[in-house]
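Novice: Before we start, here is the structure in question, set down as structure tokens.
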Amino acid sequence: MVGKRLQPSRLVVPPDDEESTIDYFYDVPGSMPGTLNIEPDAPPPVIVLIDYSEKTAIRLQVETPEECAAHLDTESVSWVDVKGLGSEDILKRLGAVFTLHPLVLEDIVNVPQRPKVEEYEDQLLIIARMVMLRRSGRSFLTEQVSLILGKHYLLTVQEEPENDCFATVRERIRLNKGTIRKHNADYLAYTLLDSIVDGFFPILENYGEEIEELEDEVVANPTRQTLEKIHKIKRELLTLRRSIWPQRDAINALIRDGSDLISDEVRVYLRDCYDHAVQVLDMVETYRELSSSLMDVYLSSVSNRMNEVMKLLTIVSTIFIPLTFVAGVYGMNFNVEKSPFNMPELNWYLGYPLCWAVMIAIATVLIVFFKRKGWFENFSTVKSRD
């Protein structure tokens, strides 16, 4: 039996007119542990090796996993970055080179997994979710990043070869900026986790601006499209929440559990990373509450607009009711020759102008009365904003 997954599969990419949330991978009950489920459209793996020490740094694109074996036991730090999950053979060979437990390889390949930390004999598995802004600046992409930390190496496995937020880390290693080349592999793992968490902030800034625009739109001119925008934001914020909530717990586990692969110095840095994750989660929760309140404001605005329209129609109807009554009375056309009481006004010289004067006077009195009652106030919401 093979594993099955919920949709969407490898890369959660919500289009501009569609919403998605992360559905974690699941196995069919009773399936064999360690079964790999490769997506048919998964890109082939690209393996990049960055080996560095305080004095030197090299970057190589290797063809086979076996080429990395010579760098794993050296005193320098080896970062093996695998992008793509499209070859079961290469992934299994990668597992053999790094002596990965079958369950570790399963968690790496069968995506998406829930962010977590698992400790093995001489390795530490960290599952994280990375989010990136679309090129359009609207919405975001999200994919799983798996980090396997060893004593002198760090193996990272990504779903896609084109999207990640590690460019600044690679540049720091290449140019020897900061202190990254003076530390061990655990500091590199912290740096990548910090980049992943910090990647949430630009996305949340966009959502903050979008929510502010929606607040104005909901109050001034709520439409069906406004409701769809609110629903889309709620769904995407739910995706962010499901990404950062377990990720925060995973970082906390790295600080609390005391693995031998994480030094005390790096735990201090991880506390800062944890604070950033908490800040991201607070922002997500705040925006979710704001988006939920926007729904209430939308319904209130629609109701208020309807009330204003009904008020206007009531005023117009109330003014024209007596005028319609007068017009109806004089539209009966009783024969005045039969009786002097049968509408003698029809023979008056000024009967028609007097009828108009009476109707205008009635309308004027009603308009003045309604104005003093304040019925003409707050009609601004009826007007559409350009």
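The numbers here are math on the coordinates, done by the rules we state, and not lab data. Because the structure is predicted, anything quoted here is derived from the model rather than measured. Cβ placement follows ideal geometry from the backbone for every residue including glycine, while neighbour counts extend to all protein chains displayed.
Novice: What angle do you read, to the nearest 10 degrees and between 0 and 90, between the alpha-carbon axis of helix 88-97 and the longest principal axis of the chain?
Specialist: Tilt of helix 88-97: around 50 degrees.
Novice: What distance in nm lies between label points placed 7 Å from Cα along the C-beta direction at residue 171 and residue 265?
Specialist: Roughly 2.5 nm, to one decimal.
Novice: Tell me, what is the Rg over Rh of the stretch 306-382, with Rh the Kirkwood radius over Cα pairs?
Specialist: Reported Rg/Rh (Cα atoms, Kirkwood Rh): 1.17.
Novice: Applying a 10 Å radius around every beta-carbon, put 358-371, 222-235 in order of their mean neighbour count, most first. Working shown, then result.
Specialist: On the way: 358-371: 13.4, 222-235: 15.9.
So the order, starting with the most tightly packed, is 222-235, 358-371.
Novice: Fewest to most neighbouring Cβ within 10 Å: what's the order for 245, 79, 356?
Specialist: Exposure proxy ranking, most exposed first: 356, 245, 79.
Novice: Let me spell out the model: positive unit charges on the Cβ of Lys and Arg, negative unit charges on the Cβ of Asp and Glu, origin at the Cα centre of the stretch 306-382. What dipole size does that give, in debye rounded to 20?
Specialist: Numbers: 5 positive and 4 negative charges, 43 e Å.
About 200 debye.
Novice: Express in nm, to one decimal, how much length is gained between residue 295 and residue 48 on full extension, taking 0.36 nm for each residue of separation and deducting their alpha carbon distance.
Specialist: Working: separation 247, 0.36 × 247 = 88.92 nm, distance 4.72 nm.
Gain in length upon complete extension: 84.2 nm.
Novice: Please give the contour-minus-distance gain from residue 58 to residue 70: 0.36 nm per residue of separation, less the Cα-Cα distance, rounded to one decimal in nm.
Specialist: 2.9 nm
Novice: For a bin width of 10 Å, list the pair-distance distribution of the chain built from all Cα-Cα distances, rounded to whole %.
Specialist: Pair shares across the bins are 4, 18, 22, 16, 9, 7, 6, 5, 5, 4, 3, 1, 0.
Novice: Neighbouring Cβ atoms within 10 Å as the yardstick, rank 338, 151 fewest first.
Specialist: 338, 151
Novice: Here's a follow-up. Cut-off 14 Å, label point 7 angstrom out along Cα-to-Cβ of residue 234: give me the residues of the stretch 196-224 whose amide nitrogen falls inside.
Specialist: none
Novice: Normalised by the number of residues in the stretch 149-218, what is the relative contact order in percent for Cα pairs under 8 Å and 6+ residues apart?
Specialist: For the stretch 149-218, the relative contact order is 36 percent.
Novice: Got a sec? Which residues in the stretch 299-343 would a label at residue 355 touch, if it sits 7 Å along Cα→Cβ and we count backbone N under 19 Å?
Specialist: 320-343
Novice: At 0.36 nm per residue, minus the direct Cα-Cα distance, what do residue 103 and residue 325 gain on full extension? Give it in nm, one decimal, please. Don't skip to the end; give the middle numbers.
Specialist: Working: separation 222, 0.36 × 222 = 79.92 nm, distance 8.62 nm.
Here the answer is 71.3 nm.
Novice: Still on this structure: Using Cα atoms only, what is the angle between the long axis of helix 351-373 and the major principal axis of the chain, expressed in degrees (0 to 90) to the nearest 10?
Specialist: Around 40 degrees separate the two axes.
Novice: Calculate, for residue 309 and residue 338, the FRET efficiency according to 1/(1 + (r/R0)^6) with r their C-beta to C-beta distance and R0 51 Å; round to the nearest 0.05.
Specialist: It comes to 0.60.
Novice: Any idea what the dipole of the stretch 122-186 comes to, in debye rounded to 20, about its Cα centre with Lys/Arg Cβ at +1 and Asp/Glu Cβ at -1?
Specialist: With only Lys, Arg, Asp and Glu charged at Cβ, the dipole is about 420 debye.
Novice: Nearest 20 debye, what's the magnitude of the dipole of the chain about its Cα centre given +1 on Lys and Arg Cβ and -1 on Asp and Glu Cβ?
Specialist: It works out to roughly 1800 debye.
Novice: A follow-up question, please. Can you sort 132, 310 by how many other beta carbons sit within 10 Å, fewest first?
Specialist: Going from sparsest to densest Cβ surroundings: 310, 132.
Novice: I'd like to know which of 281, 142, 175 lies farthest towards the positive end of the charge dipole of the chain, counting +1 on Cβ of Lys and Arg and -1 on Cβ of Asp and Glu.
Specialist: 281
Novice: Which whole-number percentage describes the relative contact order of the stretch 306-382, with Cα contacts under 8 Å and a sequence gap of 6 or more?
Specialist: The value is 46 percent.
Novice: Tell me what the chain gives for mean residue ellipticity at 222 nm when only DSSP H runs of n ≥ 4 count, each as -39,500 (n - 2.57), the sum divided by the residue total, rounded to 500 deg cm²/dmol. Walk me through the numbers before you get to the answer.
Specialist: On the way: 8 runs with 185 residues, N = 386.
Calculated from helices alone, the mean residue ellipticity at 222 nm is -17000 deg cm²/dmol.
Novice: Something else now. When only Cα pairs under 8 Å and 6 or more residues apart are kept, what is the percent relative contact order across the chain?
Specialist: 14
Novice: Something else now. Just want the answer: with Cβ charges of +1 for Lys and Arg and -1 for Asp and Glu, which residue in 335, 292, 47 is farthest toward the dipole's positive end in the chain?
Specialist: 335
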